[in-house]
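The values are calculated or read from the model by the stated rules, or taken from the named source; none is laboratory data. In this text the structure is predicted, and so the values were computed from the model without any measurement. Here the Cβ is made from the backbone with ideal geometry for all residues, glycine too, and neighbour counts use every protein chain on show. For the accessible areas, the whole protein counts, side chains as well, though only heavy atoms, and no ligand, DNA or RNA atoms are used. Shrake-Rupley method; radii C 1.70, N 1.55, O 1.52, S 1.80 Å.
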Amino acid sequence: MRRRHIGWIAGAAAAVLVAAGAITYAVAEDSGGSDMKTPGAESADAGFARDMAVHHQQAVEMSYIVRDRTKNEEVRRLAYDIAQTQANQRGMLLGWLDLWELPKVSAKPPMAWMGMGDMPERGDGSLMPGMATDTELKKLQSLDGKQAETLYLQLMTEHHKGGIHMAEGCVAKCTVGVEKRLAQGMVDAQQSELQAMAQMLKERGAAPRS
């Protein structure tokens with residue numbers, strides 16, 4: 001059962017990679033058509049692209065850290081799938097900002113496009129909900145084996161929950177059709193990965209931290 005579930009995740013990741021080119025071209029049509037204006041710099045579309053690119057980058061970083069800290073094939077495979085999928089999606093998000101000729105940074109705080117710009121940050125490198133702190137990343141780098149696997153799964157569980165919340169915000173607020181569809185795809189895939197990670201934590205005698 002577990003192998004089939006992880007295999008489904010790998011298949012979903014591959015599908016995202018294959019579809020990336022089509023989605024990138026489609027967003028040009030969505031944002032450039034006669035009935036659709038290019039998103040503004042303070043729009044939900046631009047805000048989501050900027051914030052999720054940052055959020056994804058940390059997931060990629062954590063995934064490559066744990067691949068070097070464990071020999072467990074199940075965790076390494078999950079980490080590889082997450083890293084590849086989110087690195088690809090990050091490239092798409094930044095590419096859309098280029099396409100729209102919009103800045104990749106904003107003077108406004110993260111999550112402002114969701115009406116959450118006044119939410120206090122955790123600090124220590126954690127800029128948005130679910131993001132790990134620099135201290136937590138350093139701890140992950142110091143662990144090996146089962147301890148590294150457990151902390152990674154706990155951190156990534158929190159990361160996915162924050163990412164799902166942000167993606168759901170885009171589904172509700174973004175105006176570019178393919179971006180909304182990508183956001184919904186993120187929700188669906190990460191919810192599935194949350195189920196897999198919960199089982200993997202249980203097998204290690206652990207549970208999500210929150």
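A few points about this structure:
- Computing FRET efficiency as 1/(1 + (r/R0)^6) for residue 206 and residue 54, where r is the C-beta to C-beta distance and R0 is 30 Å, gives about 0.60.
- Extension gain for the segment residue 61 to residue 175, taken as residue separation times 0.36 nm less the Cα-Cα distance, is 38.1 nm to one decimal.
- Value of Rg/Rh across the stretch 135-177 [Cα atoms, Kirkwood radius]: 1.24
- Each Cα pair under 8 Å and six or more residues apart adds its sequence gap; the mean of these over the residue count of the stretch 40-183 is a relative contact order of 32 percent.
- Placed amide H near residue 126: partners under 5 Å, 5+ positions off or other chain: 134
- Only Cα pairs under 8 Å and 6+ residues apart enter the sum, and on that basis the relative contact order of the stretch 51-116 stands at 37 percent.
- Taking only the alpha carbons of the stretch 70-131, we obtain Rg and Dmax values of 15.7, 43 Å in that order.
- Rounded to the nearest whole Hz, the Karplus-based 3J(HN,Hα) values (6.51 cos²θ - 1.76 cosθ + 1.60, θ = phi - 60°) of the stretch 192-199 follow the sequence 5, 5, 4, 5, 5, 5, 4, 5, with x at glycine and proline.
- The largest accessible area among 106, 142, 210, 126 belongs to the first residue in 210, 142, 106, 126, and the rest follow in falling order (1.4 Å probe, all chains).
- Taken one residue at a time, the phi angles of the stretch 43-52 give Karplus couplings (6.51, -1.76, 1.60, θ = phi - 60°) of 6, 5, 4, 6, x, 5, 4, 5, 5, 5 Hz. Gly and Pro are set to x.
- Entry note: the stretch 51-183 has Rg to Rh equal to 0.99, where both radii use alpha-carbon atoms and Rh is the Kirkwood radius.
- Highest mean packing comes first when the peptides 191-202, 73-84 are listed by Cβ atoms within 10 Å, giving 73-84, 191-202.
- Taking N as its residue count, the alpha carbon Rg of the stretch 96-158 over 2.2 N^0.38 Å: 1.47
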